[in-house]
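Readers should treat all values here as calculations from the given coordinates under stated rules, not as data from a laboratory. Since the structure is predicted, the reported quantities are computational estimates derived from the model, not experimental observations. Reconstructed Cβ throughout: ideal geometry from the backbone, glycine too, with neighbour counts over all protein chains shown.
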Amino acid sequence: MLEPKYKRVILKLSGEALAGPAGFGIDATVIQSIARQIGEIVQLGVQVAVVVGGGNIWRGVSGSSQGMDRASADYMGMLATVMNALALQDSLEKIDVVTRVQTSIEMRQIAEPYIRRRAIRHLEKSRVVIFAAGTGNPYFSTDTTAALRAAEIEAEVILMAKNKVDGVYDADPAKDSNATKFDSLTFLEVLNRGLGIMDSTATSLCMDNNIPILVFAITTEGNIKRAVMGETIGTIVRREE
């Protein structure tokens, strides 16, 4: 049996990925599919941590653009990520995948506080750890959270799951039929071209800590397993060889 290419990964899920075709709220079919795919790779011995966004419920930037205090709007966004984390935890535990939610904002009744060593211990015991509430600080995205947590737990790769594209393109494929998909990119190319895979803070953090990013489509069942097995899917972003 083939061995997975990666032993410890961060799976980054946007809130929109959990919303499905509706674009808002939580789509039960989508979240169950993601849970099944995570369960598959846990059975392969892969240690999985998940960072969830909250854009399907609330986006801090949107609230700020409507006149709300930016910090308050961002804290609301962090709470939205906790809702998504609990929904994913429920789906995972329904298929007997042991899961822990850790939050950057303390809320003991529903989740553990984020403690790096405890998170690593959970992973070593084959528990899926879901990181919620971002970094606990306004003005930082969940992309930055994924990069930060990946560095902290020494993840080998960030699996950037997308629901609208199957990789990184030189233009928006929904608007430009001639858009070309990249098989691989360097961090500097992403930053210089402004390709927007992650925000620049997150991309720079990955570059500084040599954490590759694999961008792929979450909408294709089985893609998470393909990604950890090292199959050629999506677009890989890494340091220049």
(Q) Restricting everything to alpha-carbon atoms, can you work out Rg to Rh for the range 53-119 with a Kirkwood hydrodynamic radius? (A) 1.06
Q) Which whole-number percent gives the relative contact order of the chain, counting Cα pairs below 8 Å spaced six or more residues apart? A) 23 percent
Q.
Once each part is reduced to its C-alpha centroid, what is the distance from the range 4-40 to the range 218-241 in angstrom?
A. 14 Å
**Q.** Glu240, Glu221 arranged by Cβ crowding within 10 Å, fewest neighbours leading
**A.** Glu240, Glu221
Q. Taking the simple approach of a point 7 Å from Cα along Cα-to-Cβ for both Glu189 and Asn210, what is their distance in nm?
A. 2.0 nm
Q: For the pairs Lys5/Lys175; Lys5/Lys162; Lys125/Lys181; Lys7/Lys162, note any where the Cα-Cα span goes beyond 32 Å.
A: Lys5/Lys175; Lys125/Lys181
**Q.** Gaussian network model of the chain, springs between alpha carbon atoms under 10 Å - residue of Gly63, Gly54, Gly134 with greatest fluctuation
**A.** Gly63
(Q) Roughly how far apart, in whole Å, are the Cα centres of the range 60-111 and the range 124-144? (A) 9 Å
Q) Does the range 43-167 classify as rounded, prolate or oblate by the C-alpha gyration tensor (a ≥ b ≥ c root eigenvalues; a/c under 1.5 gives rounded; else a/b over b/c gives prolate, otherwise oblate)? A) prolate
Q. Among the trypsin sites (Lys or Arg not before Pro) within the range 166-241, which fall in a DSSP loop and have no more than 14 other Cβ atoms within 10 Å of their own Cβ?
A. Lys175, Arg239
Q: Could you please report the charge total around Arg108, scoring K, R as +1 and D, E as -1 over all other residues with beta-carbon less than 15 angstrom from its beta-carbon?
A: 0
Q | Residue-averaged [θ]222 nm for the chain, counting only DSSP H segments that reach four residues, each worth -39500 (n - 2.57) | A | -12000 deg cm²/dmol
(Q) Starting from the 7 Å offset along Cα-to-Cβ, what nm value, one decimal, do you get for the label separation of Glu40 and Ser62? (A) 3.0 nm
